[in-house]
Amino acid sequence: MYLGAFNQKYRELFIRKWMQQCADFNIPLVQKYKIQQVLSDNSQIMEWQECFLPTDLLSEQNAVIIQNCIHWPYIIDPQSQANIWIRNFWKVGQLVICKMNDSELFMKIEQCIRFGKPFLIENVEEWLDPILDSVFQKDIYKKGFNLMIKLGDIEVQYN
């Protein structure tokens, strides 16, 4: 069950309904179920909080989703809390940060894909350049012995 798009109230409602369905089918589970305890541990959560992740349950769940999602996450962050956490957690020296209107955006993304560096695009509007679709969808394929991804017209070795 994916709950990333929902606020805390709806997440709790869905989890209660899910727990009730498990009980209806006699599926054993703990009564105090927390997704962040299943997909992370207390030391991981403490590490995130040291990097300025807010201590509320919703932020912890969002961090778990970001760490375990299949596709790259899109984050709506009007208070810049996730931005601050991402910058601290992935360290600015390692993390490459760009805005959508940056003239070197595609070159920086290509380098990050090639060298396995984390990348943050800030202040994204409602429209994303279609050249980035295969990157955002993690459309990775094998060519010979290499993993590749298309960035517009070019094939980039995926690391």
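The values are calculated or read from the model by the stated rules, or taken from the named source; none is laboratory data. Since the model is a prediction, treat every value here as computed from it, not as a measurement. Cβ: placed from backbone, ideal geometry, glycine included. Neighbour counts: every protein chain shown. Keep in mind that these areas ignore ligands, DNA and RNA; they rest on the heavy atoms of the full protein, side chains included. Shrake-Rupley method; radii C 1.70, N 1.55, O 1.52, S 1.80 Å.
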Checklist line | Antiparallel content of DSSP bridges confined to the chain, in %, to 5 | finding: 65 percent
Check: Once a ≥ b ≥ c are taken as the square roots of the eigenvalues of the Cα gyration tensor of region 34-81, is the result rounded (a/c under 1.5), prolate (a/b larger than b/c) or oblate (a/b not larger than b/c)?
Finding: oblate
Next item on the list: Using a 1.4 Å probe and ignoring any ligands, DNA or RNA, find the accessible area of residue 10 and quote it in Å² to the nearest 10.
Entry: 110 Å²
Check: Considering only the other residues whose Cβ falls under 9 Å of the Cβ of residue 100, what net charge follows from Lys and Arg at +1 and Asp and Glu at -1?
Finding: -3
Item checked: Dipole moment magnitude, nearest 20 debye, the chain about Cα centre, only Lys, Arg, Asp, Glu C-beta charged -> 480 debye
Margin query: For a 21 Å ceiling on Cα separation, which of these pairs sit above it: 9/32; 117/150; 17/138; 108/138; 91/142?
Written below: 17/138; 91/142
Checklist line | Relative contact order, percent, region 82-159 [alpha-carbon distance under 8 Å, six or more residues apart] | finding: 26 percent
Next item on the list: Return the calculated 222 nm mean residue ellipticity for the chain, to the nearest 500 deg cm²/dmol, obtained by summing -39500 (n - 2.57) across DSSP H runs with n ≥ 4 and dividing by the residue count.
Entry: -12000 deg cm²/dmol
Item checked: Heavy-atom SASA rank of 150, 9 (probe 1.4 Å, accessible area, largest first) -> 9, 150
Check: residue 41 versus residue 12, label points 7 Å from Cα toward the beta carbon: distance in nm?
Finding: 2.9 nm
Next item on the list: Determine the percent antiparallel among the DSSP beta bridges restricted to region 95-159, to the nearest 5.
Entry: 65 percent
Item checked: In sequence order, calculated HN-Hα J values of region 146-159 (Karplus, 6.51, -1.76, 1.60; Hz; x Gly/Pro) -> 10, 8, 10, 8, 8, 10, x, 8, 9, 9, 10, 5, 8, 10
Margin query: Using the Karplus curve 6.51 cos²θ - 1.76 cosθ + 1.60 with θ = phi - 60°, what ³J(HN,Hα) values do you get for each residue of region 75-83, in whole Hz, with x for Gly and Pro?
Written below: 10, 8, 9, x, 9, 6, 5, 5, 4
Next item on the list: Let me have the relative contact order for the chain, percent, based on Cα pairs under 8 Å that are six or more residues apart.
Entry: 15 percent
Item checked: Exposure of residue 50 as accessible area (Å², to 10), given a probe of 1.4 Å and all protein chains -> 130 Å²
Notebook entry, point to check: ³J(HN,Hα) across region 57-63 via Karplus (A = 6.51, B = -1.76, C = 1.60, θ = phi - 60°), whole Hz, x for Gly/Pro?
Noted result: 4, 4, 5, 4, 5, 4, 5
Check: How much of the accessible area of the chain, probe 1.4 Å, is carbon plus sulfur, in whole percent?
Finding: 55 percent
Note to self: Please report the accessible area of residue 41 (heavy atoms, 1.4 Å probe, ligands and nucleic acids excluded) in Å², nearest 10.
What the structure shows: 80 Å²
